[in-house]
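Shown next, in structure tokens, is the structure this report addresses.
Laboratory data are not the source of any read-out in this text; all were calculated from the coordinates shown. Note that the coordinates shown come from a computational prediction; the quantities given were computed from them, not determined experimentally. Ideal geometry is used to build each Cβ from the backbone, glycine not excepted, and the neighbour counts take in all protein chains shown.
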């Protein structure tokens, strides 16, 4: 989803701390370390991260935050990766007692996906800056998170993996790549396979960024305005639905709306490289193809209990593959009937159902929730 729209989605979705460093574990005893403040930004230093392509991200650091405590059985960990352009800081407000994930019951791990500008990314890499940063995939994001879980947090199993948009894509990837590693999974507004419509959207946005006069082959330093304004327009056109835009913006209000849209975000070429690399990862998403399987084979290889959350009006991440995946494995689908489209989680409160599913998957069946008339 568009970076500027992330906060908007999450403000209604479900009803700067000090940095610390975790080094990759070494053989032998480890010196005792003070526990970080709950929710503080932390980094796992994973050294070289070898990608599925064979390329390597050097000196890779994965950003994360933790909340709550592991129980005695070490069976209550939930991993929640970020969406396109999102950062874990934007998820913090949804973790805690009486929130989406109750950190008095669960040990919650929020993870900054590769390329979000917090974890090692084109915009912050010292040795592989900008377009010298190798292309990565959704699977590479999951592999980095698996290393965090096993090598740094010493987890052998998760209660759940969950995520929104690109986070939902990572969730689908998790359940196929590591089918026995979690009990349940909740992909929301995500997909196991990018459709041609999705690819058209992400490609158009990348093309718009490259047409900006300040792009300069990824080496520009000044703020991008021209092509970047078009990039924002494309995102706003797709993040909801035609019905939503017609209802929310009158023709008389359009000049103000388009002016605000064009100024919604500010990127330079370095941060635009982050946006491009993450979109390339989404364009390449094809979980069945990755494993040399059909969609049905991939779905049947998943062992976790899934709750798949979709909106029929999602014009940003087409829901067709997610619906098919759910049907092939007999998973319940939570349908958000809303013109808000990709932002339907902002217009319909799905949090109570998600929380119920995390606690007891058998208690949730397929259902449709409808948006209030005001949406």
message: Between residue 211 and residue 55, what is the label-point separation in nm under the 7 Å Cα-to-beta-carbon projection?
response: 2.5 nm
- line: Here the FRET efficiency for residue 126 versus residue 150, based on Cβ atoms and R0 = 25 Å and rounded to 0.05, is 0.40
query: By how many nm would the segment from residue 280 to residue 48 grow when fully extended, if each residue of separation counts as 0.36 nm and the alpha-carbon distance is taken off?
result: 81.4 nm
query: Fewest first, what order do 237, 316 take by the number of other Cβ atoms within 10 Å?
result: 237, 316
task: In Å and from the alpha-carbon atoms only, list the Rg and Dmax of the chain.
output: 19.9, 69
message: Given bins 10 angstrom wide, list per bin the percent of all Cα-Cα distances in the range 87-145, short to long.
response: 21, 38, 26, 13, 2
field: Ranked list, fewest to most other Cβ atoms within 10 Å of each Cβ, for 121, 196
entry: 196, 121
- line: Residue separation between residue 99 and residue 233 times 0.36 nm, minus their alpha-carbon distance, gives in nm 44.9 nm
- prompt: Could the peptides 100-110, 220-230 be put in order, highest first, of the mean number of other beta-carbon atoms found within 10 Å of their residues?
  reply: 100-110, 220-230
message: What are the equivalent ellipsoid semi-axes of the range 221-375, built from the alpha-carbon gyration tensor (square roots of five times its eigenvalues), in whole angstrom, biggest first?
response: 33, 23, 13
message: Given a Förster distance of 41 Å, report the FRET efficiency between residue 248 and residue 72 from their Cβ-Cβ distance, rounded to the nearest 0.05.
response: 0.25
message: Which three numbers, in whole Å and largest first, are the semi-axes of the equivalent ellipsoid of the range 166-258 derived from its Cα gyration tensor as √(5λ)?
response: 32, 22, 11
task: With a Förster radius of 30 Å, plug the Cβ-Cβ distance of residue 35 and residue 362 into 1/(1 + (r/R0)^6) and report the FRET value to the nearest 0.05.
output: 0.25
message: To make sure I understand, if each residue's beta carbon is the centre and we count other beta carbons within 10 Å, what order do 78, 138 fall in, fewest to most?
response: 78, 138
- request: If a/c stays under 1.5 just call it rounded; otherwise compare a/b with b/c (prolate if a/b is bigger, oblate if not). Do that for the range 227-306, with a ≥ b ≥ c from the square roots of the Cα gyration tensor eigenvalues.
  value: oblate
- request: Rounded to whole Å and ordered largest first, report the semi-axes of the equivalent ellipsoid of the range 310-375 derived from its Cα gyration tensor (root of 5λ).
  value: 20, 16, 8
